[in-house]
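Bear in mind these aren't lab numbers, they're just calculated from the coordinates by the rules spelled out. The shown structure was predicted, so the numbers you read here are calculated from the model rather than taken from an experiment. Note that each Cβ is placed from the backbone with ideal geometry, even for glycine, and that neighbours are counted across all protein chains shown.
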């Protein structure tokens, strides 16, 4: 997606937002990519096979799995979910759950005293 275009982030599917630089991807969108990759591998599919089944480009699958860009657009995510046979809402829920677990784990780490 070109800079300046609006993308619908999976964490806020009803709001359009500017595409952020790759190092500022929202945590839920990055987690969505990891959830997507895990499900694709669990089903034994290559990125190319999934892309063909969903009617999207292989490079877009690769970019989302790698956490590049502003996260997948809602239509794209819905096509991918359908191709995987998993409801989009379930993939998004798993991504939000992964982020919540990571945040909870980070907040329970003991703090080192300042020296």
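Below, the figures for the structure above:
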| item | result |
| --- | --- |
| Taking 64, 35 and counting other C-beta atoms within 10 Å, the order from fewest to most | 35, 64 |
| Two-site label geometry, residue 82 and residue 58: point separation in nm, points 7 Å out along Cα→Cβ | 2.3 |
| Fewest-first ranking of 103, 49, using other Cβ atoms within 10 Å as the exposure measure | 103, 49 |
| Computed lengthening from residue 106 to residue 48, 0.36 nm per intervening residue step minus Cα-Cα distance | 17.3 nm |
| Potential lengthening between residue 90 and residue 34 on full extension [0.36 nm per residue; Cα-Cα distance subtracted] | 18.8 nm |
| Order of 105, 68 - criterion: other Cβ atoms within 10 Å of each residue's Cβ, fewest first | 105, 68 |
| Computed over segment 37-101: relative contact order in percent, which uses C-alpha pairs under 8 Å that are six or more apart | 27 |
